[in-house]
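Single-structure report; data block below.
Read-outs throughout are calculated quantities, based only on the coordinates presented, and are distinct from any laboratory measurement. As the structure is a prediction and not an experimental result, all values here were calculated from the model. Reconstructed Cβ throughout: ideal geometry from the backbone, glycine too, with neighbour counts over all protein chains shown.
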DNA sequence: GTCTATATTGTGATAGAC
DNA sequence: GTCTATCACAATATAGAC
């Protein structure tokens, strides 16, 4: 009973995540989700009233994965460059494990920005903390003066973009060679970190 | 006749571009395109046989806009930092004029990467040229040693990401204030250029 | 070229047996 | 809880008058 319930629900959620992440809300078909879960359409509606409700569940789950969980890293007393390295490494590792999450989240948010409203409770995103530390380091003369907001966007951009632009980068720069592309993503962890450090450090 | 033809065709293309860019292929409705063009559905099929054909036309057009047209800049004999400034400024200006193009292209490519195959003739994308120049400058000791591919991706990422991630950045960093966000985008032209220059220049 | 009306298929959702 | 059968409607596409 509860065994079976949870099991089926998990099957559905896994299948739904796969299909929604590949096709998006509009492109996904309930039939395809049912097939991938090894059940029939009616069961989908039994567990999740509607396609929208099922999607909402998947979206929330994916959104959590899209936001790097680095709050304890940020509030730690490590030096700034170590934090940056930690951020980039953690985030890219997570993205490599969930490569379709970024384009999914960003695409759906662009099609329906209102989703952000229903999601901003209980997340505790505080870029201000990081921005404040950056400003402190600038004032102390540890790093070159930069606009903290631009630095944050630059970090995010360099980490996330290879996943959002995967087909184009892989196609143009690597002739669609998957192995080369995986290597490239691995390299980026040190490459991005060094790039940022060089941009920030005072001579 | 030809006057009216071209006029109606233009109306359709403009409407289709708006709707497809906002909603994507799967989310767009022929009815909505017809309404926005001020005509009826049947005419859409008269001018473009099917939804897919109409979409293909829009996609190709948008894809051209997504690729920065900077070949003459790249092959010029300007110094490397000037080229980088030129690239960033040109590209961001173009993206600000067409802010929905990046997420549209990248989202559709992720949903159907095969589109890249039908599009790679007559584009003459040669990142190798730029990569070669970067390598030359490194060998000459003008800039710090970096992997040219990573540098190119970093440049693209920092330019494009604010448009792909617009809802999230605008929401979290600017409390959805449109004016502040436009200012932020303008700032990025110098901010990105300086960031790259600092990361590259030898002491 | 442009319209109205309609055919046809696809898709989310429900009814009801087991 | 799970299934089959079916409803109701949405959406692409076409026929045919003007």
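At a threshold of 8 angstrom on Cα-Cα distance, excluding pairs fewer than six apart, so keeping six or more, what relative contact order does region A:86-177 reach in percent? Please report the intermediate quantities before stating the final value.
Numbers: 33 pairs, mean separation 34.5, N = 92.
Relative contact order comes out at 37 percent.
Sticking to Cα atoms, compute the Rg of chain A to one decimal and its Dmax as the biggest Cα-Cα distance, whole number, in Å.
Considering chain A through its Cα atoms, Rg and Dmax are 20.1, 67 Å.
222 nm [θ] for chain A, helices only, -39500 (n - 2.57) per DSSP H run of 4+, per residue, to 500?
Details: 11 runs with 153 residues, N = 203.
Per the formula, -24500 deg cm²/dmol.
What angle, in degrees between 0 and 90 and rounded to the nearest 10, separates the Cα long axis of helix B:51-66 from the longest principal axis of the Cα atoms of chain B?
With both axes taken from Cα atoms, the answer is about 20 degrees.
Can you sort A:51, B:170 so the residue with the fewest Cβ neighbours within 10 Å comes first? Before the final figure, lay out the partial values.
Values: A:51 17, B:170 20.
Listed from fewest to most nearby Cβ atoms, that is A:51, B:170.
So what's the angle, to the nearest 10 degrees on a 0 to 90 scale, between helix A:148-164 and the longest Cα principal axis of chain A?
It works out to around 40 degrees.
So for B:91, B:47, A:46, fewest C-beta neighbours within 10 Å to most, what's the order?
A:46, B:47, B:91
Quick one: label points 7 angstrom along Cα→Cβ at residue A:144, distances to the other copies in nm, smallest first?
0.8
What are the distances, in nm and sorted shortest first, from the label point of residue B:116 to the label points of the same position in each other copy, with each label point placed 7 Å from Cα along the Cα-to-Cβ direction?
The answer, with the shortest distance listed first, is 2.9 nm.
For region A:125-202, what is the Kirkwood estimate of the hydrodynamic radius, computed as the reciprocal of the mean inverse distance between distinct Cα atoms, to one decimal in Å? Could the numbers behind the result be given before it?
Values: mean 1/r = 0.0707 Å⁻¹.
For region A:125-202, the Kirkwood estimate is 14.2 Å.
Rounded, prolate or oblate for the protein assembly as shown? Axes are the square roots of the Cα gyration tensor eigenvalues, ordered a ≥ b ≥ c, and the cut-off for rounded is a/c under 1.5. Please list the in-between numbers first.
Details: a/c = 1.84, a/b = 1.21, b/c = 1.51.
The shape class here is oblate.
Sorted from shortest, what are the nm distances separating the label point of residue B:27 from equivalent points in the other copies, each placed 7 Å from Cα along Cα to C-beta?
Values, ascending and in nm: 1.3.
Compute the angle between helix B:101-111 and the longest alpha-carbon principal axis of chain B, please, reported from 0 to 90 degrees and rounded to the nearest 10.
80
Got a sec? How would A:103, B:192, B:80 order by Cβ neighbour count within 10 Å, fewest to most? Let's see the in-between values first.
Values: A:103 24, B:192 27, B:80 18.
Ordered by Cβ neighbours within 10 Å, fewest first: B:80, A:103, B:192.
How high is the relative contact order of chain A? Use alpha-carbon pairs under 8 Å, at least six apart in sequence, and give a whole percent. Mind showing how you got there, number by number?
Working: 137 pairs, mean separation 41.0, N = 203.
Computed value for chain A: 20 percent relative contact order.
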